[in-house]
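Single-structure report; data block below.
The values are calculated or read from the model by the stated rules, or taken from the named source; none is laboratory data. Note that the structure is predicted; figures quoted are calculated from it, not measured. When we count neighbours, we look across all protein chains shown, and the Cβ atoms used for this are built from the backbone with ideal geometry, even at glycine. Just the protein is used for accessible areas: all its heavy atoms, side chains included, with ligands, DNA and RNA removed. Shrake-Rupley method; radii C 1.70, N 1.55, O 1.52, S 1.80 Å.
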Amino acid sequence: MVIACTRDCYDTCIFNENYRPLNLFPINGFTCARGRADLARNEKNRVLSAYIDGKEVSIDEAIRYVAKILREELKKNPASILRTDYDGNQGLLTWYYPDRLFNVIGASQTDRSICSSEGHAAIRAHYGTSMGALPEDFIKYRAAVFWAFPASVSAPHIWALFIKKFRVSIDVRLSDTAKKSDKAIIVRPGADVFLALGIIKVLIEDGMIEGKVKHLEELARYVGNFSLDYLSRVSGVSIDDIKWLAEFYHERKPLTLIGFALGRSLNGGDAVGMISLIPALVGLRRGYYYSNSLGWGIDFDYLRGLHMARSSRVIPMAEFGEYVERGEIDVVYVWNENPVLTLPGGDRLIEAVREGRVRLIVHDPYWSETAKLADVILPAPTFLEKHDVVYSYWHDYLVYNEPIKSPKGITEIDLIRRLAKELEIAHPLILEDPWDAVDKAIRPAGVTLNELREKKVVKMKPRYLPADEPDAL
């Protein structure tokens with residue numbers, strides 16, 4: 001029996017039935033402080049019953065009430081129902097599969113762009129894939145550049161692989177990772193793309209290009225438009241440090257780890273794309289790491305049911321509060337997320353719910369800030385209490401998650417199917433067995449559900465382009 005931590009975290013630790021981390025590379029027998037405290041945390045601040053307008057009710061009564069709200073809204077305008085979810089739990093059944101009901105009824109959705117979408121798109125524009133180095137590749141490098149990547153606190157297993165190697169940190173502040181690195185370079189917020197351009201300019205103009213890169217002449221003309229003095233002034237990084245970085249890349253061939261924080265800054269997508277090019281210029285294939293979630297081949301679209309139904313409207317996460325304020329959303333259904341804190345405009349959701357302009361339905365294991373605000377709250381089990389399949393966006397293991405604690409509440413799958421029944425929806429997407437859907441979704445990753453159930457932990461087969469070796473640009 002194994003269980004995987006389902007947090008939105010690079011490490012995705014894997015544990016045995018006694019909740020001890022497996023001595024399996026790259027988990028290597030240790031976990032973070034939060035992981036160690038999960039057994040105790042699991043019993044605290046739990047939603048143990050359903051509530052309607054603050055009154056405790058049965059789960060059955062709450063389901064009927066939610067179905068009534070949805071039915072009334074569907075008669076008026078399906079697009080005024082917004083379901084919002086994100087990466088609170090990386091389980092395939094917890095996060096992805098419930099989306100099927102909302103696609104069938106034509107509800108709105110967010111674009112799920114708040115974390116890494118722009119980075120994936122920027123890297124794909126150059127490489128055809130955002131798939132980068134694997135943990136097995138990490139250990140081959142003698143040095144690393146942590147670019148807006150606070151590994152010492154947010155990715156302890158990645159950090160551990162480089163403790164005895166030369167580490168450079170590029171960040172907007174002297175972070176814990178920067179303090180512990182061998183060299184720290186502070187860049188002006190939102191100016192990372194100019195620093196990347198400076199490094200590329202020096203590499204090209206000083207004859208340090210070693211990689212096979214398409215459109216190199218075009219890139220050379222582009223960086224030629226900027227003087228090194230200008231790039232230094234805008235980025236806040238001295239010319240000497242820009243040249244040092246270029247020479248470091250050329251001589252030491254470090255792995256470049258690119259943080260999600262860049263996407264939340266000015267020119268973030270451009271920065272991620274340009275930074276990812278630097279390894280290719282010095283001859284490194286897949287010499288970067290950003291997130292490998294889109295490279296395993298898992299068919300997330302199939303799990304969401306996008307082959308048969310789609311949302312009526314997609315709302316940018318950045319504009320969530322504006323849609324609420326304009327009165328374009330009447331019902332918000334939340335799972336796997338805490339939008340009051342994590343979505344821009346969460347304060348406007350608070351106002352709209354308190355004023356009765358929006359009805360808020362929340363399915364959550366804990367009394368989050370959003371759950372406390374909800375008109376209807378339904379209890380959910382934690383990852384320690386249910387079966388699921390869990391993937392990582394760093395390591396290449398797929399995990400068959402088995403419960404080690406008694407379940408509380410109702411699972412996302414059971415709730416969605418119960419709501420569909422109340423709404424008298426008998427769509428094939430809802431009728432398909434959830435485990436059959438998981439089996440179909442993971443097969444492109446080279447794994448079957450039967451194999452996973454038998455072995456518990458199975459390595460996926462990364463999908464690269466083309467001929468297994470992508471070229472930049």
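Here L262 passes the criteria (1) more than 20 Å from A148 (Cα to Cα); (2) at pLDDT below 95; (3) open to solvent by less than 70 Å² (accessible area, probe 1.4 Å); (4) within 30 Å of the chain's Cα centre (by Cα) except the one numbered (1).
Of the residues L203, L197, only one is more than 24 Å from V153 (Cα to Cα), more than 29 Å from the chain's Cα centre (by Cα) and crowded, with 19+ Cβ neighbours inside 10 Å; which? It is L203. Summed over the range 124-159, residues that are of a type in the set (D, E, K, R) and assigned to a loop (DSSP other than H, G, I, E, B) total 2.
Just to be sure before I move on: is A160 more than 22 Å from L219 (Cβ to Cβ) and open to solvent by less than 20 Å² (accessible area, probe 1.4 Å) in the structure I sent? In short, no. When the range 417-438 is limited to residues that are out of contact with any strand residue (DSSP E or B) (no Cβ under 9 Å at 6 or more places or on another chain) and either at positive phi or among the β-branched types (V, I, T) (or both), the one that is most open to solvent (accessible area, probe 1.4 Å) turns out to be E424.
Scanning the range 381-395 for residues that are open to solvent by 10 Å² or more (accessible area, probe 1.4 Å) and touching a Leu at 6+ places or on another chain (Cβ under 9 Å) yields K386, H387, Y393. Selection of the range 289-346 for residues being among the charged types (D, E, K, R), touching a residue at least 40 places away in the same chain (Cβ under 8 Å) and farther than 20 Å from H427 by Cβ yields E328, D330, E337. The residue pairs whose first member lies in the range 416-436 and is more than 21 Å from K68 (Cα to Cα), whose second member is among the hydroxyl-bearing types (S, T, Y) and open to solvent by 30 Å² or more (accessible area, probe 1.4 Å), and whose beta carbons are closer than 7 Å, counting only pairs six or more residues apart or on different chains, do not exist in this structure. Of all residues in the range 362-374, none that is over 19 Å from P98 (Cα atoms) and open to solvent by less than 70 Å² (accessible area, probe 1.4 Å) has its Cβ atom under 7 Å from the Cβ atom of a residue that is modelled with pLDDT of 95 or more and of a type in the set (S, T, Y), 6 or more apart or on another chain. Counting only strands (runs of 3 or more DSSP E) that sit wholly inside the range 1-88, those with at least 1 residues that are under 22 Å from the mean Cα position of the chain (by Cα), over 16 Å from P156 (Cβ atoms) and of a type in the set (S, T, Y) are 81-85. Residues in the range 204-221 that are touching a residue at least 24 places away in the same chain (Cβ under 8 Å) and not hydrophobic (A, V, I, L, M, F, W, C): D206, E210, G211, K212, K214, H215. Test of understanding: among P26, P21, which residue is in contact with a helix residue (DSSP H, G or I) (Cβ under 6 Å, 6 or more places away or on another chain) and either more than 24 Å from K455 (Cα to Cα) or not hydrophobic (A, V, I, L, M, F, W, C) (or both)? Of the residues listed, the single one that is in contact with a helix residue (DSSP H, G or I) (Cβ under 6 Å, 6 or more places away or on another chain) and either more than 24 Å from K455 (Cα to Cα) or not hydrophobic (A, V, I, L, M, F, W, C) (or both) is P26.
Just to be sure before I move on: is A271 of a type in the set (G, A, S), touching a residue at least 60 places away in the same chain (Cβ under 8 Å), closer than 17 Å to A121 by Cα and open to solvent by 30 Å² or more (accessible area, probe 1.4 Å) in the structure I sent? No: the conditions fail for A271. Total residues in the range 301-360 satisfying the condition of being under 30 Å from D439 (Cα atoms), open to solvent by 30 Å² or more (accessible area, probe 1.4 Å) and part of a helix (DSSP H, G or I): the figure is 2. Could we say that I425 is over 17 Å from T94 (Cβ atoms), assigned to a loop (DSSP other than H, G, I, E, B) and either at pLDDT 95 or above or among the hydroxyl-bearing types (S, T, Y) (or both) here? When the stated conditions are applied, I425 passes them.
In the range 76-97, what count of residues is obtained for those that are closer than 17 Å to E328 by Cβ and open to solvent by 10 Å² or more (accessible area, probe 1.4 Å)? Residues that pass the stated criteria total 4.
Among S49, S58, which is under 17 Å from P407 (Cβ atoms) and free of Cβ contacts under 8 Å to residues at least 60 places away in the same chain? Residue meeting the stated conditions: S58.
Restricting to the range 306-318, name every residue that is over 21 Å from N77 (Cα atoms) and modelled with pLDDT of 95 or more. Across the range 306-318, the qualifying residue is only H307. You will find that of R71, R64, R142, R100, the residue that is of a type in the set (D, E, K, R), modelled with pLDDT of 95 or more and open to solvent by less than 10 Å² (accessible area, probe 1.4 Å) is R100 and no other.
Quick check on my filter: what residues within the range 25-42 are farther than 20 Å from E385 by Cα and either in contact with a strand residue (DSSP E or B) (Cβ under 8 Å, 6 or more places away or on another chain) or in contact (Cβ under 8 Å) with a residue 40 or more places away in the chain (or both)? Once the filter is applied, which keeps residues that are farther than 20 Å from E385 by Cα and either in contact with a strand residue (DSSP E or B) (Cβ under 8 Å, 6 or more places away or on another chain) or in contact (Cβ under 8 Å) with a residue 40 or more places away in the chain (or both), the range 25-42 yields F25, P26, I27, N28, G29, F30, C32. Residue check: S169 meets all listed conditions (1) open to solvent by 10 Å² or more (accessible area, probe 1.4 Å); (2) under 20 Å from A271 (Cα atoms); (3) of a type in the set (S, T, N, Q) but one, namely (1).
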